[in-house]
Ligand code: ADP
Ligand code: MG
């Protein structure tokens, strides 16, 4: 069996911050990402891909709200499912076009991820999602929908935003099915946007919840489920840095998990961005993964050969 790599794509792989999110823009970005992925596939790696969906869910949330008098708005959990299909389609088509000569099969799996209904984040949500609101709108949504809405952008006329829980992923519901697909040689796109968060209810049945799971954390769980050798996290910086944003900022080329923990404790990786990536790398290697890599989209193929990025190894 060939080596297996779990690739986690950041939001900018699909929509750059300054873009509005047209299909053309998104297809162009996806093509860049897929070019790198196709290159890695041709080197003989089995490939599983996950991706973020923040900007796409944000746009869909605006559509739901503005069309609510015409069609019933769908809850956040359904928007998550919708974006898995949307982004999966774009990647599936791109990869297929790039790899058709080699007879690759590419599929997207709509993926549910189990979380604990007692996760402390449900009582204290902090992950911002969707549009920004003025105070009156925020007040109305709070009472009508029971949303938690907090002030996130002081000194603007739309300073309020919904926050939702970001619970820890406990397991990938479709994990075994995904593994079977990868084992049979398919490239699988799965757990997009961190997965569709579900809880096990009082009757032991799955039920969707309005929450957002961190895609790097969920990607790590999926990496274990599919038996990946390498976890490759692609974002908008070429490596993790020490003293990030300070005058003496410096890239980390290689770190052991104990070094990674120490740097984490020293506060080098910001929570909500680099923090969860490093945390995912540590957990992956600790659970027996060979190595985990953090780098930019453009450097992906080089970083797989150790020529770029930050590599996390055991020790
Ligand atoms: P993604 O969409 O890929 O998950 P994030 O914005 O969540 O992207 O994470 C990448 C960001 O992490 C970088 O753009 C950078 O601003 C931030 N960051 C925080 N700490 C560090 C660090 N120590 N080294 C490099 N980047 C860092
Ligand atoms: Mg992120």
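Every number in this text was worked out from the coordinates using simple rules, so none of it is lab data. In this text the structure is predicted, and so the values were computed from the model without any measurement. We place every Cβ from the backbone using ideal geometry, glycine too, and count neighbours over all the protein chains shown.
Quick look at the numbers
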read-out: Relative packing of peptides 221-228, 142-149 - highest average C-beta neighbours within 10 Å first; value: 221-228, 142-149
read-out: 222 nm mean residue ellipticity, helices alone, for the chain (DSSP H n ≥ 4; -39,500 (n - 2.57); rounded to 500); value: -11500 deg cm²/dmol
read-out: Sequence of 136, 286, 174 once ranked by neighbouring C-beta atoms within 10 Å, starting from the fewest; value: 136, 286, 174
read-out: Mean projected area (nm²) of the alpha-carbon convex hull when the chain is viewed from all directions; value: 17.6 nm²
read-out: Contour excess over end-to-end distance, with Cα ends at residue 152 and residue 298 and 0.36 nm allotted per residue; value: 49.4 nm
read-out: Segment 199-224 and segment 249-278: distance between their alpha carbon centers, rounded to Å; value: 25 Å
read-out: Taking 108, 235 and counting other C-beta atoms within 10 Å, the order from fewest to most; value: 108, 235
read-out: Crossing angle, helix 76-99 versus the chain [Cα axis fit, 0-90 degrees, rounded to tens]; value: 30 degrees
read-out: Nearest-ten-degree value, helix 54-66 long axis tilted from longest Cα axis of the chain; value: 20 degrees
read-out: Residues of segment 161-183 with amide N under 19 Å of a point placed 7 Å along Cα→Cβ from residue 116; value: 165-173
read-out: Peptides 110-122, 261-273, 25-37 ordered by average Cβ neighbours within 10 Å, highest first; value: 25-37, 110-122, 261-273
read-out: Stretchable slack from residue 159 to residue 134, in nm (0.36 nm times residue separation minus alpha-carbon distance); value: 8.4 nm
read-out: Packing-based order for 274-282, 13-21, 55-63, using average beta carbon neighbours within 10 Å, highest first; value: 274-282, 55-63, 13-21
read-out: With Cα atoms, 0 to 90° folded angle of helix 135-145 axis to the chain main axis; value: 80 degrees
read-out: Segment 86-210: antiparallel DSSP beta bridges as a percent of all, rounded to 5; value: 65 percent
read-out: Label-point separation in nm, residue 236 to residue 62, each point 7 Å along Cα→Cβ; value: 1.6 nm
read-out: Net lengthening on full extension, residue 102/residue 313 (0.36 nm per residue, minus Cα-Cα); value: 72.7 nm
read-out: Fewest-first ranking of 91, 181, using other Cβ atoms within 10 Å as the exposure measure; value: 181, 91
read-out: Hypothetical label at residue 200: residues of segment 132-171 whose amide nitrogen lies under 19 Å (7 Å Cα-Cβ projection); value: 167-171
